[in-house]
Amino acid sequence: MEDNKNIEDSKIEQKKYAEKTAKPTDEKFDMSAIDKTFASYRRGQTFDGVVVIKREDGCIFNIGGKNDAFLPKEEVENFEQLKIGDRFKVIITQKDNEGIIVSKSLADGIALATQNASRLKLGGKFTFVVTMADRDGLYSKLGEYKIFIPIAEISTKTRDIYKTIGKQFEATVTEIDKDKKIIIASIKLLEEKIKETNETLFWNSIFINKIVRGKVKKLMPYGAFVDVGGVDCFIHISNMSYSRIGRPDEVVKEGEEYNFKVIELDRENKKVALSLKALQESPRLLAIKELHVGAIYKGQVVKILQFGAIIKLQNGATGLLHIKNATTSNNKQIYEIVKLDQQVEVEVLDKDEEQERVSFKLISVL
């Protein structure tokens, strides 16, 4: 009897619970609410979800709402190790009538970028891509952080801010609000810091006769300005070529890079003179290289000196005929032996290619 009473009491309690929790019979499943939820999905949204079905080409990933999403195989690193029930973040990359496609790699990238942004401090350097520009400045995102570059802090090299969209820049943090996830930064300030550092390195390492690599920035009628490691240097037209030229653009072109030799330094006024000519073999040297010691050549007296004469050979090489190599007499002057413009035959006694010097011995006056 006691057992029957307990069973009856249990049935009564179950009935009360069923009545209490039961939905009204006229209540219908709200499909429109689900449709609204689906309609609210948009590209770029991030969701936490779970793998519910795994296929060869990817997996079905539940993000809640009416429809599941499809996660392509190539969006998951080590797809073979993926299991049903695995949870992680994804981002919607496509939404149309056929469904929703999501990406894990993009979500991972945003999470990593957000983490890196959260570690930035005042003065910290970072790289970003401009996504929008207006008269106030440039805009971008670093993960979940919004990036803003005020118009006064953009690069001094920028002429059209709208052409910066899609381009990558480096900037330094000037303000940061980690609660609101906003970073304000400056491109110009970073450029100034880099320029200052480059100038210090340049002046600590520059010296006469150093070979440097530079880009021609601006051509002038009398020469060209050259950027060497961020420092403006100058090359005069007379130091561009051994040949006679009328304009610098006969030798160098704006925007092109060349090797130069440093020929003058003024550290106090921060001026550097460069030369292209100094890296070339002079016509005089080339002519001297053709000569052979002991060989006899024809030439012309082009200058009379107190102790000898300058002889110019037919190949253009010039050298010194010393008085002691022009006569055995100790009492004669050089002008008594040879005359200006006179043709002579001389023997090469010695040549110094490094110093571009040649010494002759007189063989005969023609």
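Before moving on, here are some points about what is shown:
- Whole-Hz couplings from phi, Karplus 6.51/-1.76/1.60, listed for the range 230-241; x for Gly and Pro: x, 10, 6, 10, 9, 10, 7, 4, 5, 9, 8, 7
- Taking a ≥ b ≥ c as the square roots of the eigenvalues of the Cα gyration tensor, the range 204-244 is classed as oblate, since a/c reaches at least 1.5 and a/b does not exceed b/c.
- Surface per residue (accessible, 1.4 Å probe) for the chain, Å²: 65
- Amide H partners (placed H, <5 Å) of G223, local residues excluded: I237
- For the range 84-164, GluC sites (Glu not before Pro) are listed when DSSP marks them as loop and at most 15 other Cβ atoms sit within 10 Å of their Cβ; the list is E98, E144.
- At full extension, D341 and L189 could sit 48.1 nm farther apart than now, given 0.36 nm per residue minus the alpha carbon distance.
- Potential lengthening between N331 and A152 on full extension [0.36 nm per residue; Cα-Cα distance subtracted]: 56.2 nm
- Ranking V338, F148, N209 by how far each Cα lies toward the positive end of the dipole of the chain (charges on Cβ) leaves V338 at the top.
- Sorted on the mean count of surrounding Cβ atoms within 10 Å across their residues, most packed first, peptides 204-213, 334-343 read 334-343, 204-213.
- Across the range 77-83, rounded Karplus estimates of 3J(HN,Hα) from the backbone phi angles (6.51 cos²θ - 1.76 cosθ + 1.60, θ = phi - 60°) give 6, 6, 4, 4, 8, 5, 10 Hz, Gly and Pro being marked x.
- Estimated vicinal HN-Hα couplings, Hz - the range 153-161 in sequence order (Karplus 6.51, -1.76, 1.60; Gly, Pro = x): 10, 7, 5, 5, 7, 7, 9, 10, 5
- Gain on full stretching of the segment that runs from N209 to K303 - 0.36 nm per residue minus C-alpha separation: 30.7 nm
- Overall, the accessible surface of the chain at a probe of 1.4 angstrom is composed of carbon and sulfur to the extent of 49 percent.
- Paramagnetic reach from I245 in the range 262-281 [backbone N under 17 Å; point 7 Å along Cα→Cβ]: 262-263, 273-281
- Listed by number, the DSSP H helices of the chain that run 15 Å or longer by alpha-carbon position along their axis and have mean Kyte hydropathy of at least 0.0 are 104-118.
The values are calculated or read from the model by the stated rules, or taken from the named source; none is laboratory data. Note that this is a predicted model, so its numbers are computed, not measured. When we count neighbours, we look across all protein chains shown, and the Cβ atoms used for this are built from the backbone with ideal geometry, even at glycine. Note: areas computed on protein heavy atoms with side chains; ligands, DNA, RNA excluded. Shrake-Rupley method; radii C 1.70, N 1.55, O 1.52, S 1.80 Å.
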